[in-house]
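Here is the structure we will look at.
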Amino acid sequence: MARTRLTAAQFVTSAASARDLLQTPLAELAMAGRSNVGKSSVINALAGRTLARTSAAPGKTRLANYYRLEPERGQAFHLVDLPGYGYARGAKEGRAFASLAQEYFFGGADAVWMRPAIAGVVLLVDARHPGLESDVEAFRWFTTQGCPLRIVATKVDKLSRAERQRAMAALQQAFGTAALLTSAQTGEGIDELWIWIAQQLAQWTRPAR
Ligand SMILES: Nc1nc2c(ncn2[C@@H]2O[C@H](COP(=O)(O)OP(=O)(O)OP(=O)(O)O)[C@@H](O)[C@H]2O)c(=O)[nH]1
Ligand SMILES: [Mg+2]
C-alpha cells in the first residue's frame, strides 16, 4: 500500500476551553485515548512529519489541538488531538481535561448530541495494556452514540511475537471487535489506519445548518 500523500499538513489552533473549539465546514477526525498512549505520535505518523509535540511524560497535550490535513485525493479535514483521559496528577486539571473532551464530543455535561462535524473517532489503547477499565468505558461512551469508531492499539513494536498474539486476543475480548495494531515508530498499521480514515471521511455528510 502506498503511503497516503498529503498536499498540506499544518497545525491550525489549540482550544483551551469549549468556547475555543472550532466551528468550520470541515470534517473532523478525533484522536482519543489515555495520556501517553501515543496519540500525538500517531498523528505525526499519519502526517509523515512532526506536527504534534510528543513527550515521555504523560499529560503533554493539555488542549484540543487542530491539524488541517489535505490528502492529495479527497477533502481537507481536521485531525483533532484531544487531551488524554486518565491523567490525574492534580485532580482539578484532570477534571478540566475531562470536561473539554466532553464539550468537544457532546457540547456540554447534559448534552447528548455528538458533534456533527465528527466523521470518526480513533480510540487509541496501549497494546501492552489491553482492556483497561477507562478504555472500555470510553469505548462504551462512544458506541452508545453510534459514533464510527476504530480501536487502534499503539506501540506494538514493544511486543514480542507471543505477546502480540496475546494482546490481539485480549483486545478482541475486551472490545468485541478487532483492534488495528500500529506502531508510530515502525509505521506498522499506519497505512491501514489511513484507509479507515479515508472511508469515514468519504461517508461523512456535512450537517445542514
Ligand atoms: N516504542 C514506541 N514508543 C512510542 C510509540 N508511540 C509513542 N511512543 C512514545 O510514547 C510516549 C508518549 O507519546 P505521545 O505521542 O506524546 O502520547 P500522547 O497520547 O499524545 O500523550 P499526551 O499528550 O500526554 O496525552 C513518547 O515517549 C513516545 O515516544 C510507538 O509506536 N512505539
Ligand atoms: Mg499528546
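The values are calculated or read from the model by the stated rules, or taken from the named source; none is laboratory data. Everything quoted here is computed from the prediction, not taken from an experiment. Cβ sites come from the backbone with ideal geometry, for glycine too, and all protein chains shown count toward neighbours. Side chains are part of the model used for accessible areas, which takes the heavy atoms of the whole protein and leaves out ligands, DNA and RNA. Shrake-Rupley method; radii C 1.70, N 1.55, O 1.52, S 1.80 Å.
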* Structure fact -> GNM on the chain, Cα springs under 10 Å; top mean-square fluctuation among ALA119, ALA174, ALA64 goes to ALA174
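At 0.36 nm per residue, minus the direct Cα-Cα distance, what do THR205 and ARG49 gain on full extension? Give it in nm, one decimal, please. Mind dumping the intermediate values first?
On the way: separation 156, 0.36 × 156 = 56.16 nm, distance 2.84 nm.
Difference between extended and current length: 53.3 nm.
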* Along each of its three principal axes, how wide is the spread of alpha-carbon positions in the chain, in whole angstrom units, largest first? -> 50, 42, 31
* Taking all protein chains together and a probe of 1.4 Å, list GLU133, GLU72, GLU163, GLU28 from the most accessible to the least accessible. => GLU133, GLU72, GLU163, GLU28
* Asked: Largest first, how would THR154, THR177 line up by accessible area (1.4 Å probe)?
  -> THR177, THR154
* Quickly estimate the mean residue ellipticity at 222 nm for the chain, helices only: each DSSP H run with n ≥ 4 gives -39500 (n - 2.57), and the total goes over all residues, rounded to 500. => -10000 deg cm²/dmol
* To do: Any chance you could look up the accessible area of LEU149 with a 1.4 Å probe, heavy atoms only, rounded to 10 Å²?
  => 40
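Only bridges whose two residues both fall in the chain count here: according to DSSP, what percent of them are antiparallel, nearest 5?
Antiparallel bridges: around 40 percent, rounded to the nearest 5.
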* Structure fact -> Inter-part gap, Cα centre of the range 5-73 to Cα centre of the range 141-186, in whole angstrom, is 20
* **Around ALA8: net Lys/Arg minus Asp/Glu count, Cβ-Cβ under 14 Å** => +2
* **ILE197 accessible area, assembled protein chains, probe 1.4 Å, Å²** => 0
* Compute the signed sum of charges (Lys and Arg +1, Asp and Glu -1) over the other residues within less than 10 Å, Cβ to Cβ, of VAL152. => +1
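Could you tell me whether the range 126-205 comes out rounded, prolate or oblate from its Cα gyration tensor? Rule is a ≥ b ≥ c as square roots of the eigenvalues, rounded for a/c under 1.5, then prolate if a/b exceeds b/c, otherwise oblate.
Numbers: a/c = 2.47, a/b = 1.24, b/c = 2.00.
It comes out oblate by the Cα gyration axes.
How high is the FRET efficiency between GLN10 and ARG73 when r is their beta carbon distance and R₀ equals 22 Å, given to the nearest 0.05? Please list the in-between numbers first.
Values: r = 19 Å, r/R0 = 0.85.
FRET efficiency, GLN10 to ARG73: 0.75.
Given a 1.4 angstrom probe, I'd like the percentage of the accessible area of the chain that is carbon and sulfur, rounded to a whole number. It would help to have the intermediate numbers written out before the result.
Values: 5210 of 10690 Å².
The computed percentage sits at 49.
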